[in-house]
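First comes the structure, then the notes that go with it.
What follows draws every value from the coordinates through simple rules; no lab data is involved. The structure presented is a predicted model; accordingly, all values stated were derived computationally and were not measured. When we count neighbours, we look across all protein chains shown, and the Cβ atoms used for this are built from the backbone with ideal geometry, even at glycine.
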Amino acid sequence: MPGFRPSTSAFRFTNSFAPQPLLAVSAPWSTRRLGLGDASRGLCGGMIYAVRDLFEAGIGPPPDVVAPAVGSPLYAYLVRRLLESFDIPRGVARYYRLMQGADADVNRGIRVRPGVARTSLADEWPRIRLDLDEGLLSPIGIITVRSPDPRLLGLNHQVLAYAYVQAGTSITLRVYDPNTPGDRADEVTLSFDLAGPARIEHSIAIGGRPVRAFFRSRYRWVDPRRAIAPAAGRPAGQEAPGRSRLEKGR
């Protein structure tokens, strides 16, 4: 992606937030507002969606190196984008279905059911490549656990693809990982071989867990200016990808 580098185009802070509810809701049986979610489990989806919003708007990221505080416009924006990144209910169902899928292909006699990694390479990689070839950042949901326990959904992760290198059938995706600090932000990759065994290698900061599968997430642009003032503009040396959405009037 011309002009995009995680070290200059993405947030300076990492995906590390204090334990606190993502949002509070009213309940008819209580006079107190009830907290839902836990920010300490991460806002990765919100961060990657916000970064794409900013890049397409031609706005550089804020200079903050510390995650935003609860109640701030930026925090509220990240939470909103996190919830939208889940694409409820379809997106959550997709994470849960892939969590339960087999890693290896399963021979069922008359047909072979492909494992989740092979399905990712066959079905999802072409969608991601199309985004990148068209000059778009591509949000990716990644599956890191195998379990039928829905309480483990939060162990999955989201990253943002911005470039790829192809050598024969070998593919290396370059991704923005909200968990990786800025000094290593430009070095994160996810790679696989389309002709070899369905195995996905990566350097994403997910505590040593594997990437079992991945898919292209549904994305719709949101104007980030209410949460992030555009005064800083785009970082020096970074050109917008053509006319920004704001210049086009979206």
Checklist outcome for this item: About its Cα centre, region 23-214 carries a charge dipole, from +1 on Lys and Arg Cβ atoms and -1 on Asp and Glu Cβ atoms, whose size in debye to the nearest 20 is 900
Next on the checklist: Quick check: residue separation of T189 and A167 times 0.36 nm, minus the Cα distance between them. What number comes out in nm?
Outcome noted: 6.4 nm
Checklist outcome for this item: On the formula 1/(1 + (r/R0)^6), with r taken between the Cβ atoms of S147 and E201 and R0 of 25 Å, the FRET efficiency rounded to 0.05 is 0.70
Checklist entry - What nm distance separates the two modelled labels at R97 and D123, each placed 7 Å from Cα along Cα→Cβ? => result 0.6
Checklist entry - Can you work out ³J(HN,Hα) from phi for every residue in region 81-91, in order, using Karplus 6.51 cos²θ - 1.76 cosθ + 1.60 and θ = phi - 60°, giving whole Hz and x for Gly and Pro? => result 5, 4, 4, 5, 5, 6, 6, 5, x, 4, x
Checklist entry - In nm, what is the difference between 0.36 nm times the number of residues separating S7 and V106 and their Cα-Cα distance? => result 31.5 nm
